[in-house]
1. Please compute the contact order of chain A in relative form: average sequence separation of alpha-carbon pairs under 8 Å and at least six residues apart, divided by the residue count, as a percent.
2. Per 10 Å bin, what is the whole-percent P(r) computed from every C-alpha pair distance within segment A:30-74?
3. Between A:D90 and A:L53, how high is the FRET efficiency from 1/(1 + (r/R0)^6) when r is the Cβ-Cβ distance and R₀ = 25 Å? Nearest 0.05.
4. Across every pair of different alpha-carbon atoms, what Kirkwood hydrodynamic radius in Å does chain A reach?
5. Could you state the principal axis extents of the C-alpha atoms in segment A:62-109, from the largest down, to the nearest angstrom?
6. Amide H of A:V21 versus every other amide H placed in the peptide plane: which residues, excluding those fewer than 5 positions away on the same chain, fall under 5 Å?
7. Evaluate E = 1/(1 + (r/R0)^6) for A:R101 and A:R38, where r is the Cβ-Cβ distance and R0 equals 30 Å; express this FRET efficiency to the nearest 0.05.
8. When the helices in chain A are scored as -39500 (n - 2.57) per DSSP H run of 4 or longer and the sum is shared across all residues, what 222 nm value do you end up with, to the nearest 500 deg cm²/dmol?
Amino acid sequence: MLIGVHRLIYDVVYRIPHGKVATYGQVAALAGLPQRARLVGYALAAAGGPEDLPWHRVVNAKGEISPRSDPDGHEDLQRRLLENEGVVFDRKGRLSLPAYRWNPQSPRNR
DNA sequence: TCGCTGACCCAGG
DNA sequence: CCCTGGGCCAGCG
């Protein structure tokens, strides 16, 4: 990690728009770290949830909030934050990826 | 240096 | 839908 994989990951997470979500694998790919979805999870766990990092917009490939091992991992908080942004969950606690997945195609993103 | 342990993902059966 | 197996990697004893 010449420049810190965590930083690369956070840079991508910061760009996920309000009301949209990205999967762990998607974030990894956008960060230039294909095949390293797990690393994204570890990075977010290590982040501790800074006020300015939209960590709650990262969900797993099934459209669910990934279960934490840490009992204080704030899974419910993540769901509340998303619902607060207009994201709707179904009975099984899943959201529609086709509807909410972030599609980073705007060239002028900085 | 080794071993273990995770906010994951995907193809198969 | 469930389960398996393989791929991924940093941090801490």
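Readers should treat all values here as calculations from the given coordinates under stated rules, not as data from a laboratory. Only a predicted model underlies this, so the values are computations on that prediction, with no experimental measurement involved. With ideal geometry, Cβ positions are generated from the backbone for all residues, glycine too; neighbour counts draw on all protein chains shown.
1. Taking the mean separation of contacting Cα pairs over the length of chain A, I get 29 percent.
2. Bins of 10 Å from zero give 22, 61, 17, 0 percent of pairs.
3. For R0 = 25 Å, the calculated efficiency reads 0.40.
4. Radius from the Kirkwood sum: 14.2 Å.
5. So the three principal-axis extents are 40, 23, 20 Å.
6. A:R101, A:W102
7. Taking R0 as 30 Å, the efficiency between A:R101 and A:R38 is 0.95.
8. Helix contribution divided over all residues of chain A: -10500 deg cm²/dmol.
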